[in-house]
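These notes concern the structure reproduced below.
The values are calculated or read from the model by the stated rules, or taken from the named source; none is laboratory data. Computed from a prediction, not measured in an experiment: that's the story for all the values here. Here Cβ is always computed from backbone atoms with ideal geometry, including for glycine, and neighbour counts include all displayed protein chains. SASA here: full protein model, heavy atoms, side chains in, ligands and nucleic acids out. Shrake-Rupley method; radii C 1.70, N 1.55, O 1.52, S 1.80 Å.
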Amino acid sequence: YSVRVRATDGQGGTFEQPFTISVVDANEPITALALSNSSVDENVATGTAVGSFTPTDPDTADAYSYALVDSATYPDNAAFAIVGSELRTAAALDFESKPSYTIRVQVSDNAGGAYATAANTLVETFVIVVVNVNDAPSGVTPAAATVDENVANGTAIATLATSDPDVGDTHTFSLVSGPGDADNAAFAIAGSLLRTAAAVNFEVQASYSVRVRATDAGGLYGEGVVAISV
């Protein structure tokens, strides 16, 4: 700032002089910390970026460092890491096991300003939401079934099921080619029931093998082999 000062004595004499007032930059506190995104899909690879941190600070030229803190109180910290200003996953995230995580983050500036003696810090808590995505079913049960010889075509011999992390998902079953499909032609599937589709005669063939696919509502599937004893 520039000011001009006049001094006047008791006899009416005056003297004027300009002064320049320099404002010295001091380190001002960080007032807020934002995370650009606070959700992440389940099952992403370890090291996947979740979002970036941005502090609110009057000192726009400051540099910042970030750390996960208070881990004893916030054990979810262990599932994440901070690289630069980016929050990344550091563990496998599974919606069915844990749909959200609470982490504690500290941001520190670089103690800028002529009169700064220590870096300013701010600590904030963030909730990271795990987004549910479709998981593939796994395998088919039962692995083995039995049927009497000479039963009528269409006789139900097993109720098919599959394992799926997505509780409540629906599944369709079909016979498919692949290892264990040697006798697919002798059987059929109606809904979740495995049925005979040809005459089965113990003296001709005492065991059969079919390959079954379970497909969920999202189009993902798992497969398994059912061994059938006559």
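For the chain, the solvent-accessible area with a 1.4 angstrom probe is 55 square angstrom per residue. Would you mind telling me the share, in percent, of accessible area of the chain contributed by carbon and sulfur at probe 1.4 angstrom? Carbon plus sulfur share of accessible area: 53 percent. For the chain, dividing the convex hull volume of the Cα atoms by the residue count gives 167 Å³ per residue.
Label separation (A119 vs D70): 1.9 nm, computed from points 7 Å beyond Cα along the C-beta direction. Reported to the nearest whole Å, the Cα centre-to-centre distance from the stretch 183-230 to the stretch 17-70 is 60. A simple spin-label model places the labels of A143 and T46 2.9 nm from each other, with each point 7 Å out along Cα-to-Cβ. The amide H of V200, built 1.01 Å from its N in the peptide plane, has N150, V151 as neighbours under 5 Å, considering only residues 5 or more places off or on other chains. Here the translational diffusion coefficient of the stretch 91-209 follows from Stokes-Einstein with Rh set to the Kirkwood radius across Cα pairs; for 37 °C and 0.692 mPa s it amounts to 166 µm²/s. If you plug the beta carbon distance of V3 and A111 into 1/(1 + (r/R0)^6) with R0 = 41 Å, you get a FRET efficiency near 0.85. Sorting the segments 177-186, 77-86 by their mean number of nearby beta carbons within 10 angstrom, highest to lowest, gives 77-86, 177-186. Estimated at 0.36 nm per residue, the fully extended path between A136 and N37 surpasses their Cα-Cα distance by 33.0 nm.
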